[in-house]
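The structure appears below as structure tokens.
The values are calculated or read from the model by the stated rules, or taken from the named source; none is laboratory data. Being a predicted model, the structure only gives us computed values, none of them experimental. Note that we place each Cβ from the backbone using ideal geometry, even for glycine, and neighbour counts take in every protein chain shown. SASA here: full protein model, heavy atoms, side chains in, ligands and nucleic acids out. Shrake-Rupley method; radii C 1.70, N 1.55, O 1.52, S 1.80 Å.
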Amino acid sequence: MDAQLCVLFSAALLVRLALLCFGVYQDQNLQLKYTDVDYHVFTDASRFIIQGRSPYDRSTFRYTPLLALVLAPGVLLSSVCGKLLFVSCDLLSALLLFRLLVLRGSARSSARLLCGLWLFNPLTVAVSTRGNAESLLAVLVLSTLLCLESQRRTSAALLFGLAVHMKIYPVTYALPVALSLSGAPSRGRGLVQNLLRCVSRDLLLFAAVSGAVFFGLNLTFYCMYGWDFLQESYLYHLTRRDIRHNFSPYFYLLYVTAEHRWSGVLALVCFLPQMLLLSLSSLAFRSDLPFCCFIHTAVFVSFNKVCTSQYFLWYLCLLPLVFPRLTLSWRRGLGLLLLWFVGQALWLSPAYYLEFEGWNTFVLIWIAGLLFLLINSLILGQIISHYRPPEAQLKKTD
């Protein structure tokens, strides 16, 4: 690691440590707490495991027990240990981004600048220091992409299986990964021949290794915690009907139909637009896997039936990999960024009055959510239209 990169990471670490200290003070002295409620859910589940109980004895713990296990030091040593783990993963994500950018042809100076966009993003800093576990997923996803770019496919498969086990959304990358590992269809060949050609040795190895990791971990935890593990970690998210206000365009529809018998079916139907868009983007951008994964994640989050601010990190951790292959001007890029923040501000205003003043602003929140979806769709359209494919990308050297 060069001196400039060390300075960058040191400054980012100091910012996070300062916020951790401020968070301890705020939690102890102010009514509005700094630590996210999810962090208490994680640590309570970890405490139950240490006591020999099930982590699912903690209500609203809907994650893999592996998350509770890695947070055990937060129970045994200090409550801040878990946050330090998330902060470490936050910094490691930036290092992985730097290596990926250089590997994909960016100059080291440009790679440092793009890493800074992640390291000093206020949302990134706040999420990890408040105790959300999204940085763990960012490390696993970026490590998988780095291994694939480096042709270390077995390691990539191990990491991918672990990532899907930790949180289910990376499973949407399965199709673009499979397309990137398979052979390209040949003209003049029949359908069956093309299908056989696409099922390459690399694809079979990747599927076998990642599947073994995923199902092996699931079987282990199922033997330990039974049906509760499957229900809370996976099945709950498929039929989830979250009627709390969030950025999702579906939240108000699910809210007003919560008592209907067919509301569970409606929750499943909400996945259809996602599945269609994810399939189309896989076919369109298979030649550039990081870019395809970025589009996948942005589509998945924007059209999901539950969408909160921390979900934005799922695609923001991939955004630095996209910048070098965009032809957007700085002026237009800043304009789109400003528009994205305006969309959030328009949603936060009625959400504040609902949350803290008790006003009935559900319809306003829903309208703001629809507007935010339009803004996200516009931004994605601009990114796609200004995307330069790999074959057009000139290799840059420092």
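See the values below:
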item: Cut-off 14 Å between beta-carbons: net charge of the residues surrounding Asp27, Lys and Arg +1, Asp and Glu -1; result: +2
item: Additional length obtainable on full extension of the chain from Val7 to Phe271, 0.36 nm per residue less Cα span; result: 90.6 nm
item: With DNA, RNA and ligands ignored, accessible area of Cys223 (1.4 Å probe; Å², nearest 10); result: 100 Å²
item: Heavy atoms of Cys292 accessible to a 1.4 Å probe, total area in Å² rounded to 10; result: 0 Å²
item: Exposure ranking of Glu232, Glu357, Glu259 by accessible area [1.4 Å probe, largest first]; result: Glu259, Glu357, Glu232
item: Karplus 3J(HN,Hα) series, Hz, for segment 60-71 with 6.51 cos²θ - 1.76 cosθ + 1.60 (x for Gly, Pro); result: 6, 7, 10, 9, 5, x, 4, 5, 5, 5, 6, 9
item: Which of Asp44, Asp36 is most accessible, then next, and so on - probe 1.4 Å; result: Asp44, Asp36
item: Percent RCO, i.e. relative contact order, over segment 279-398, from Cα pairs under 8 Å lying at least 6 residues apart; result: 29 percent
item: Full-extension gain in nm, Glu149 to Leu204, via 0.36 nm per residue minus C-alpha separation; result: 18.0 nm
item: The chain, relative contact order [Cα under 8 Å, separation at least 6], %; result: 16 percent
item: Computed [θ] at 222 nm, helices only, for the chain once each DSSP H run of length n ≥ 4 contributes -39500 (n - 2.57); result: -21500 deg cm²/dmol
item: Cα centroid separation - segment 157-171 against segment 294-317, whole Å; result: 16 Å
item: Integer Hz, Karplus 6.51/-1.76/1.60 couplings in order for segment 268-278, x for Gly and Pro; result: 6, 4, 4, 6, 4, x, 4, 4, 5, 5, 5
item: Nearest-10 value in Å² for the accessible area of Ile367, using the 1.4 Å probe; result: 90 Å²
item: Total charge dipole magnitude, the chain, about the Cα centre, Cβ charges on Lys, Arg, Asp, Glu only, Debye to nearest 20; result: 1120 debye
item: Label of the coordinate-derived value, log10 I(q)/I(0) by the Debye sum over Cα atoms at q = 0.08, 0.09, 0.10, 0.12 Å⁻¹, listed as (1) -0.45, -0.58, -0.73, -1.09; (2) -0.50, -0.62, -0.74, -0.99; (3) -0.44, -0.56, -0.69, -0.99; result: (1)
item: Gaussian network model of the chain, Cα within-10 Å springs - most flexible of Val256, Val80, Val141; result: Val256
item: Ranking by accessible area, most exposed first, for Cys81, Cys89 with a 1.4 Å probe; result: Cys81, Cys89
